[in-house]
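Engineer: Just dropping this structure here.
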Amino acid sequence: MDEVWLGLTLISLGIWIGLICFRGQFWQADQRLDSLDSLDSKENHLQEWSAVCAVVPARNEAEVIAQTLRSLLNQNYPGQFTVILVDDQSSDGTGAIATQTAQALGKESQLKVISGEPLPPSWTGKLWALEQGIQSAQGLNPAPDYLLLTDADIHHDLTNLRRLVTKAETETLDLVSLMVLLRCQSFWEQFLIPSFVFFFQKLYPFRWVNNPQKATAAAAGGCILIRQTALNQIGGIQVVRQALIDDCALGQAVKSTGKGRIWLGLSPLVHSLRSYASLETIWEMVARTAYTQLSYSSWQLVGTVIAMSLIYLVPVLGAIGGALIGNWAVVTAGILTWLLMALTYLPTLRLYQISPLWAFSLPLIGGLYTLMTIDSARRHWRGQGGAWKGRVYSIPD
C-alpha cells in the first residue's frame with residue numbers, strides 16, 4: 001500500500017510539473033488589456049474611431065441594470081456609440097429602469113430599449129435576446145463596425161470601450177474578450193470565485209487562445225467586442241444559438257474560420273455586479289454548464305472525477321496518510337505537490353486582492369468543484385440541466 005500511495009503522489013507531482021511547464025503558463029494570469037499608461041501611444045495610430053453598438057440582454061435585472069447602463073452611457077469613447085438593451089420579458093421593470101437611467105443622464109438618444117419576443121425553439125434565452133439586439137443594430141446610421149456584447153450585470157470602467165477598440169484595431173483582431181473581475185466579497189466568493197477563474201484559465205490557456213497558430217479558442221461572455229464583418233462571416237449569432245457555453249462557442253466559431261484572430265484577457269477595471277453570497281448560488285452557476293463542458297459524456301465525467309481526485313486530493317491525502325503511517329517519502333511528495341499547486345494559484349489571488357493563504361485551500365476547492373460537476377451530470381440525467389432565469393433548456397442526450 002505504501003508503494004501505491006507513493007506512486008499516486010509522484011504521478012500527481014509529475015502532472016503539476018507538466019501543467020506549470022507545458023500548459024501555456026495559464027497560472028500566471030498575465031494576459032491583461034492595455035493599461036491607461038500605454039493607451040495614448042496606441043491611439044495615435046488610429047486614423048478614426050469606429051462606430052460601436054453595445055447589445056445588452058437583460059432578464060429581470062432591476063437590481064443592477066442602472067449601474068450597468070450608467071457605466072456604458074458614460075464611456076469616454078470618441079466615436080459613435082449606441083446602446084441597445086433587449087428587455088427579455090422581464091417582470092421586474094428592468095426596461096423602465098433602463099429608460100429612466102438614460103433620461104437622468106440626459107442620454108435618451110444614445111439608448112434604445114426593445115421588448116424581447118417570445119423564445120423560439122432551438123434558441124437559448126440570452127442568445128435570442130442578443131440576436132434581436134444585433135438585428136436592431138443593423139438599422140442604425142451609421143451601421144456599427146463593432147458590436148459590444150455585454151451582460152446586464154457588468155460595470156465597465158469609463159475607458160473600457162476605448163481600450164477594447166484600440167486593442168482590436170491596432171492588432172487586427174476580430175474578437176476581443178475580457179474575463180471580468182467577478183465579485184469577491186463574501187466568504188464563499190473568496191473561497192470559490194478566484195478558483196473558478198483559475199480553472200477557466202487552465203481549461204483554456206489564454207496564451208493559447210491568443211495565439212493564431214493554436215486551435216484553442218474561448219471567450220468570456222460578460223464582455224465581448226466583435227467585428228460586424230467577423231460575425232457575418234460565421235453566419236451570425238445563430239450559429240451558436242443552442243450553446244449553453246455560448247461565449248466559448250462564439251470564440252471557437254470566429255477562430256475556426258482560419259482568418260479570425262481573437263484575444264482573451266483579464267482586466268481589474270471591469271467587474272461583475274452579480275452577488276454569489278452563498279455556496280448554493282455558486283453551485284448553481286457551475287452545475288448549470290459543467291456537464292455541458294464534458295459534452296454530456298459519462299466517460300468524460302468518470303475521467304474528470306479521477307483526474308480531479310488525482311490532481312487535487314491525492315497530494316493532501318498522501319501527506320496526511322503518509323504522516324500517520326510514518327512514510328516520509330509519501331509525506332514529502334504530497335507536501336511538495338501541495339506547495340506547487342498553491343504557488344500556481346497565487347497570481348489569480350493577487351488579481352482578486354485577497355489573502356495568499358487561500359492558496360492552500362485549492363485541494364478542498366477542487367473537491368467541491370468535482371461534486372458540482374457530478375451534480376451537473378445528475379441534473380442532466382433527470383432532465384433538469386441548463387436551468388437559468390426561470391427557463392430550462394432542452395439538451396441533447
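The values are calculated or read from the model by the stated rules, or taken from the named source; none is laboratory data. The structure displayed is predicted, hence computed values, not measured ones. A quick note on method: Cβ atoms are made from the backbone with ideal geometry, for glycine too, and the neighbour counts reach across all protein chains shown. Accessible surface is based on the protein model in full, side chains and every heavy atom, while ligands, DNA and RNA are left aside. Shrake-Rupley method; radii C 1.70, N 1.55, O 1.52, S 1.80 Å.
Engineer: Could you provide, to the nearest whole Å², the per residue accessible area of region 233-329 with probe 1.4 Å? Provide the component values of the computation, followed by the final result.
Structural biologist: Details: 4390 Å² over 97 residues.
Normalised by residue count, the accessible surface of region 233-329 is 45 Å².
Engineer: Kindly write out, for region 78-88 in residue order, the coupling ³J(HN,Hα) from the Karplus curve 6.51 cos²θ - 1.76 cosθ + 1.60 (θ = phi - 60°), rounded to whole Hz, with x marking Gly and Pro.
Structural biologist: x, x, 5, 9, 10, 10, 10, 9, 9, 7, 7
Engineer: Would you mind checking region 144-164 for residues with the amide N under 16 Å from a putative spin-label position 7 Å along Cα→C-beta of Gln353?
Structural biologist: Only 155-158 pass the distance filter.
Engineer: Based on DSSP H runs of at least 4 residues, each adding -39500 (n - 2.57), what is the mean residue ellipticity at 222 nm of the chain after dividing by all its residues, to the nearest 500 deg cm²/dmol?
Structural biologist: On the way: 16 runs with 191 residues, N = 397.
Mean residue ellipticity at 222 nm (helix-derived): -15000 deg cm²/dmol.
Engineer: Could you derive backbone 3J(HN,Hα) for region 342-354 from the dihedral phi with the Karplus parameters 6.51, -1.76 and 1.60 (θ = phi - 60°), listing whole Hz in sequence and x where the residue is Gly or Pro?
Structural biologist: Taking θ as phi minus 60°, the curve returns 5, 5, 5, 7, 4, x, 5, 5, 5, 4, 8, 6, 10 Hz for region 342-354.
Engineer: Same structure again: Working from Cα positions, state the angle (0 to 90°, nearest 10) between the long axis of helix 125-137 and the longest principal axis of the chain.
Structural biologist: 30
Engineer: Something else about it: For Cα pairs less than 8 Å apart in space and 6+ apart in sequence, what is the mean separation divided by the residue count of region 57-194, i.e. the relative contact order in percent? Before the final figure, lay out the partial values.
Structural biologist: Details: 168 pairs, mean separation 40.6, N = 138.
29 percent.
Engineer: Provide the percentage of antiparallel DSSP beta bridges, counting only those with both residues in the chain; round to the nearest 5. Write down the numbers at each step before the final one.
Structural biologist: On the way: 12 of 36 bridges.
Of the beta bridges lying entirely in the chain, close to 35 percent run antiparallel.
Engineer: Moving on. Starting from the amide H of Leu181, placed 1.01 Å from N in the peptide plane, find each other amide H under 5 Å away whose residue is 5 or more places distant or on another chain.
Structural biologist: Here Ser267, Val270, His271, Ser272 satisfy the definition.
Engineer: With every protein chain kept in place and ligands, DNA and RNA left out, what is the accessible area per residue of region 83-226? Probe 1.4 Å, answer in Å².
Structural biologist: Details: 5120 Å² over 144 residues.
Each residue of region 83-226 exposes 36 Å² on average to a 1.4 Å probe.
Engineer: Further question: Among Lys107/Lys214; Lys126/Lys255; Lys202/Lys259; Lys126/Lys214; Lys107/Lys202; Lys126/Lys167, which pairs are too far apart, with a Cα-Cα distance over 31 Å? Kindly include the intermediate steps, with their values, before the conclusion.
Structural biologist: Values: Lys107/Lys214 43 Å; Lys126/Lys255 22 Å; Lys202/Lys259 25 Å; Lys126/Lys214 29 Å; Lys107/Lys202 41 Å; Lys126/Lys167 26 Å.
Cα-Cα > 31 Å for Lys107/Lys214; Lys107/Lys202; rest within.
Engineer: Summarise the accessible area of the chain (1.4 Å probe, protein heavy atoms) by the percent that is carbon and sulfur.
Structural biologist: On the way: 9750 of 17280 Å².
Ligands and nucleic acids excluded, carbon and sulfur reach 56 percent.
Engineer: Sticking with this one: Over region 155-224, what relative contact order in percent results from Cα pairs under 8 Å that are six or more residues apart?
Structural biologist: So the answer I get is 35 percent.
Engineer: Right, another one. Tilt of helix 94-105 relative to the longest C-alpha principal axis of the chain, in degrees (0 to 90, nearest 10)?
Structural biologist: For 94-105 against the chain, the angle is about 60 degrees.
Engineer: Assuming 0.36 nm per residue, please report the length gained on full extension of the stretch Ile11 to Leu371 beyond their Cα-Cα distance.
Structural biologist: Values: separation 360, 0.36 × 360 = 129.60 nm, distance 2.24 nm.
Value of the extension gain: 127.4 nm.
Engineer: Out of residues 5 or more away from Asp92 or on other chains, whose amide H comes under 5 Å of its own, with H placed 1.01 Å from N in the peptide plane?
Structural biologist: Excluding prolines and chain starts, which carry no amide H, the hits are Asn60.
Engineer: Residue-wise, which Karplus ³J(HN,Hα) couplings in Hz belong to region 7-20, taking 6.51 cos²θ - 1.76 cosθ + 1.60, θ = phi - 60°, and x for glycine or proline?
Structural biologist: x, 5, 5, 5, 5, 4, 4, x, 5, 5, 4, x, 4, 5
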